[in-house]
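All of the numbers you see were taken from the coordinates with simple rules; none came from a lab. Everything numeric here is computed off the predicted structure, so don't read it as measured data. Here Cβ is always computed from backbone atoms with ideal geometry, including for glycine, and neighbour counts include all displayed protein chains.
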């Protein structure tokens, strides 16, 4: 990347750009990065000053961007505490500290507590699984902000929906659950779940699949881009489908290992930092051509 290239993630007003381009950015190469799907109609006027626009997914690209659009999915750092290799003994030790019975199967979803992540639906799927596999447990692990009253409302709704079931463990960062603990839960789990009803790209999915555990996720957003149904995980649309696939994996450990290995290899090839770096270098090279 040359010194005159600038990457800006947030749109500015047209007046701001008119002033800025006239007083300092006139010779710069500007790249606009879009991480979510927006309700654009036609080419957004504030993209005019940019020589390139980078999107996480093809469906995020509005009409009229022409040849300036580049698709660069996000990636995870495999050496970060949430993703680094974890010994089974360490994972077991940490999970035990939070009341998990490590001699029994565990389903786990790591996500925010909000309607789009559908933790209530995960609880319903768990209850169906428990009718067939009585010793199964569920861990719902998320992050909470002290200044997010809506998030706390849905967290409390999730706790109420669990109805005191001792095999449902609902945990968050205020219970001292950080990156290392999330890694331990995902690494120990027999099935990792992301039953979203709406989703962006979904890096929490990437992080879960990287642990080489069988994955079940909603067929929405960026999840189908990361999971080939039946090969590197399962895509589902209903509570019943989620429960059926979880039962299938729990009853067939060989299938679970096969899905987990395929999923991890897919992440290794497509969603780690070296690939992200190559993609950005390719954009910079094209802009300098």
- Message: Which order do the peptides 69-80, 136-147 come out in when sorted by mean C-beta neighbours inside 10 angstrom, highest first?
- Response: 136-147, 69-80
- Task: Using a Gaussian network model of the chain whose springs link C-alpha atoms within less than 10 Å, name the residue from 177, 227, 110 with the highest mean-square fluctuation.
- Result: 177
- Computed [θ] at 222 nm, deg cm²/dmol, the chain (DSSP H ≥ 4; -39,500 (n - 2.57); rounded to nearest 500): -12500 deg cm²/dmol
- Item | segment 122-229, relative contact order [Cα under 8 Å, separation at least 6], % | 22
- Sort 94, 180 so that the residue with the fewest other Cβ atoms within 10 Å of its own Cβ comes first and the one with the most comes last. 180, 94
- Estimated FRET transfer efficiency (residue 197, residue 131; beta-carbon r; R0 22 Å; 0.05): 0.40
- Item | Using a Förster distance of 45 Å, the FRET efficiency for residue 270-residue 163 (Cβ separation, nearest 0.05) | 0.65
- Query: Ranking 96, 207, 285 by Cβ neighbours within 10 Å, fewest first, what do you get?
  - Reply: 285, 96, 207
- Length gained when the stretch residue 80-residue 101 is fully extended (0.36 nm per residue, less Cα-Cα span): 4.9 nm
- Task: Kindly identify segment 109-239 as rounded, prolate or oblate by the Cα gyration tensor criterion: order the square roots of the eigenvalues as a ≥ b ≥ c, call it rounded if a/c is under 1.5, otherwise compare a/b with b/c, prolate if a/b is larger, else oblate.
- Result: rounded
- Query: Between residue 89 and residue 143, what length in nm is gained on full extension when 0.36 nm per residue of separation is reduced by their alpha carbon distance?
  - Reply: 17.0 nm
- Per the 1/(1 + (r/R0)^6) rule, R0 = 25 Å and r from the Cβ atoms of residue 286 and residue 63, FRET efficiency to 0.05 is 0.70
- Given the Cα atoms of the chain, and with Rh set as the inverse mean 1/r over their pairs in the Kirkwood sense, what is Rg to Rh to two decimals? 1.03
- Query: Going by how many other beta carbons lie within 10 Å of each one, how would you line up 197, 206, fewest first?
  - Reply: 197, 206
